[in-house]
Amino acid sequence: DADDRERYGFKAPAKVLTIGDSPSSTQTPQIGSKYIPLDSKDPDLAPYLAQVKERILQFWQYPEEAQPGLQGQIDLAFIVERDGNVSEIKIVSSSNHKALDKGVLEAIERAAPFHPIPLEIKEKRLPLLGTFLYNKLGHKN
């Protein structure tokens, strides 16, 4: 629903790296489960997902090996276990630039473990999906 996903879900201070809106019902055979978008407005999940996004952004940088100004979008799925560890990371949709894809994968690996999933959230694990955007300085893709 367009109203549920009004604007981009999160913006890094430098405006070069953005975690944006995700499709809400994506299914991927590699992991085989329905994903929860990182920008979900679910009142039970949103506070925890905001912590996850904030932590990823602490570790996500423009890759040194990438050409300056390279842009791309990566849809990345990962599973956060109850204790906060990440059990799987999969690229659902590549940017077609190895360095950019690798940069997002490494950010998730470095950001893990996340805070444990709060007890109020019933799920034992959270299959999450984020859309990660590498933008030109000050511009959205």
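Numerical summary
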{"read-out": "Which numbered condition G72 fails, given (1) at pLDDT 95 or above; (2) touching a Leu at 6+ places or on another chain (Cβ under 6 Å)", "value": "(1)"}
{"read-out": "K53 vs. criteria closer than 26 Å to L119 by Cα and either part of a helix (DSSP H, G or I) or not hydroxyl-bearing (S, T, Y) (or both)", "value": "yes"}
{"read-out": "Number of positions in segment 46-70 that are surrounded by 15 or more Cβ atoms within 10 Å (Cβ to Cβ) and in contact with a Lys or Arg (Cβ under 7 Å, 6 or more places away or on another chain)", "value": "1"}
{"read-out": "Residue in segment 99-114 that is open to solvent by 50 Å² or more (accessible area, probe 1.4 Å), under 14 Å from Y35 (Cβ atoms) and either modelled with pLDDT under 95 or not in a strand (DSSP E or B) (or both) present", "value": "no"}
{"read-out": "Leading residue by the ranking (farthest from D75 (Cα to Cα)) among those in segment 115-124 that are surrounded by 12 or more Cβ atoms within 10 Å (Cβ to Cβ) and at pLDDT below 95", "value": "I121"}
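Residue by residue, here is whether (1) out of contact with any strand residue (DSSP E or B) (no Cβ under 7 Å at 6 or more places or on another chain); (2) free of Cβ contacts under 8 Å to residues at least 24 places away in the same chain; (3) of a type in the set (F, W, Y) holds:
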site: Y48; (1), (2), (3): yes, no, yes
site: A77; (1), (2), (3): no, no, no
site: S93; (1), (2), (3): no, yes, no
site: L105; (1), (2), (3): no, no, no
site: L133; (1), (2), (3): no, no, no
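The values are calculated or read from the model by the stated rules, or taken from the named source; none is laboratory data. Only a predicted model underlies this, so the values are computations on that prediction, with no experimental measurement involved. Cβ sites come from the backbone with ideal geometry, for glycine too, and all protein chains shown count toward neighbours. Quick note on the areas: whole protein, heavy atoms, side chains included, nothing else; ligands and nucleic acids left out. Shrake-Rupley method; radii C 1.70, N 1.55, O 1.52, S 1.80 Å.
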